[in-house]
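Shown next, in structure tokens, is the structure this report addresses.
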Amino acid sequence: MAYPKIEVDLSKIKHNTATLVKLCNKYGIRVAGVTKVFCGNAEIARAYLDGGVSYLADSRIENLIKLKDFKVPKILLRLPMISEAERVVEYTDISLNSELATIKALSKAAKEKERNHKIILMFDLGDLREGYFKEEDLFTDIEEILKLENVEVIGLGTNLTCYGGVIPSEENLGRLVNLAKKIEEDYRLKLEIISGGNSSTLHMLIDGKKLEGINQLRLGESIVLGRETAFGNRIENTHDDAFQLVVEIIEIKDKPSVPVGEIGMDAFGKVPTFEDRGIRKRIICAIGKQDIDFDSILPMDEGIKILGGSSDHLILDGTESNIDYKVGDEIRFKLTYGGILRAMTSEYVKKVIR
Ligand SMILES: *Cc1c(COP(=O)(O)O)cnc(C)c1O
């Protein structure tokens, strides 16, 4: 069975990666290619490496295990769970951290496995997801971490525009860089990595602003979709359709736009409302909410409108399309970040990577 499927164009991924690596390198910044949106697929990660990333990074250890044979440093992005400390030191070189108890667990696991684990400490500049919020807490923990064996603090990082929507600026990133300088002086540490965020930091480089002191960005969405994420603008010389969803039509019929009979709840327990647009050409495709969120897919045929659907059915309005679709034909969609994530995660969506 060939449908539904997600098609991934590796040459487009490599091209996007190379464009972004070039932009970052111009400012002395190295790129960590973030692989979580495609569940750490090794073929796609290979295209990142061919495009010039210096690290591979993922939020989940299961994904990093799939990448274990690549000879670049691997970074765990989500703060480790204490319960996974052993796997973290075994399969990753660097992890992002903000909790002393976890770092102690990493130290113990690393010692047992006779390995060294590197740590980037996270500082929250206001977005209110992970990271130390008070500088004194960070300093107190660093003193403790320096006493631990087999773990080494190699950097300071931050994450923005994820929970709170806070946009990276010269002001907030400047604070990170100054904090790093203070740590280097006070604790006679060399912080080799100052990690200045994700795809939302790129707008500064695109505007030609040098981020003095920042030498790493962790990029996912900008590579896979060719857009920066502070304002959602497309990035020049990139593709936005490297990932495409392809589904098969299972029914085409002319039907009214308002259901016939008394209206109760739909399959998800909501009472639906309808606009009367007369008789429309309705196309049903074999994919559903189990695999995709309908607001995360964009038909490549601009004449098609998404009406909705249920767990296993997607209903489209094909009345305005110039194409004379037949049952058994395919329909293509571009995807948002959330759409790629869900489709790559669904075991019902075939992955065609080439
Ligand atoms: C997901 C993630 C990134 C990548 O974010 P994009 O917006 O996809 O570039 C970077 N850092 C952390 C900590 C993440 O969890």
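All of the numbers you see were taken from the coordinates with simple rules; none came from a lab. Being a predicted model, the structure only gives us computed values, none of them experimental. Here the Cβ positions follow ideal geometry from the backbone for every residue, glycine too, while neighbour counts run over all protein chains shown.
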- Item | For segment 137-199 and segment 252-312, distance of Cα centres in Å | 48
- Task: Restricting to the chain, compute how many DSSP beta bridges are antiparallel as a %, nearest 5.
- Result: 45
- Gyration tensor over alpha-carbon atoms, segment 1-74, equivalent ellipsoid semi-axes in Å: 22, 16, 9
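Quick one: divide the alpha-carbon radius of gyration of segment 187-346 by 2.2 N^0.38 Å and tell me what you get.
My calculation over the Cα atoms of segment 187-346 gives 1.41.
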- V271-T345 pseudo-label distance in nm [points 7 Å out on the Cα-to-Cβ vector]: 3.1
- Rank by packing, highest mean first: peptides 40-49, 164-173, 138-147, with packing defined as the count of other Cβ atoms within 10 Å averaged across residues. 40-49, 164-173, 138-147
- F133 versus K111, label points 7 Å from Cα toward the beta carbon: distance in nm? 3.2
- Reference-scaled alpha-carbon Rg (2.2 N^0.38 Å with N residues) for segment 42-152: 1.10
- Item | Under 21 Å from the Cα of K255 - lysines, other chains or at least 8 residues apart | K281, K305, K326
- Query: How large is Rg/Rh for segment 252-324, to two decimals, with Cα atoms and a Kirkwood Rh?
  - Reply: 0.96
- Packing-wise, with mean Cβ within 10 Å as the measure, how do 326-333, 3-10 rank, highest first? 3-10, 326-333
- What is the Rg over Rh value, at two decimals, for the chain, using alpha-carbon atoms and the Kirkwood definition of Rh? 1.05
- Task: Quick one: go through segment 1-17 and flag any residue whose amide nitrogen is under 16 Å from the point 7 Å out along the Cα-to-Cβ line of R354.
- Result: 1-3, 5-13
- Query: For segment 229-261, list residues with backbone N below 16 Å from a point placed 7 Å from the Cα of T336 toward its Cβ?
  - Reply: 229-234, 245
- With label points set 7 Å from each Cα along the Cα-to-Cβ direction at A101 and V327, the distance between them in nm comes to 5.9
- Task: Give, to the nearest whole percent, the P(r) tail of segment 143-215 beyond 19 angstrom, counting all Cα pairs.
- Result: 40
- Message: Once you compute Rg and the Kirkwood Rh from C-alpha atoms, what is the Rg to Rh ratio for segment 161-253?
- Response: 1.19
- Determine the dipole magnitude for the chain: charges of +1 sit on the beta-carbon of Lys and Arg, -1 on that of Asp and Glu, nothing else is charged, the reference point is the Cα centre, and the result goes in debye to the nearest 20. 800
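Going by average Cβ density within 10 Å per residue, which order do the peptides 238-244, 222-228, 348-354 take, highest to lowest?
Details: 238-244: 20.1, 222-228: 25.1, 348-354: 15.1.
Result, highest mean first: 222-228, 238-244, 348-354.
Any chance you could run the full-extension gain for E302 through I82? It's 0.36 nm times the residue separation minus the Cα-Cα distance, nm to one decimal.
Contour length minus the Cα-Cα distance gives 74.3 nm.
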- Query: For the chain, what are the DSSP H helices with axial Cα length of 27 Å or more and mean Kyte-Doolittle hydropathy of at least 1.6?
  - Reply: none
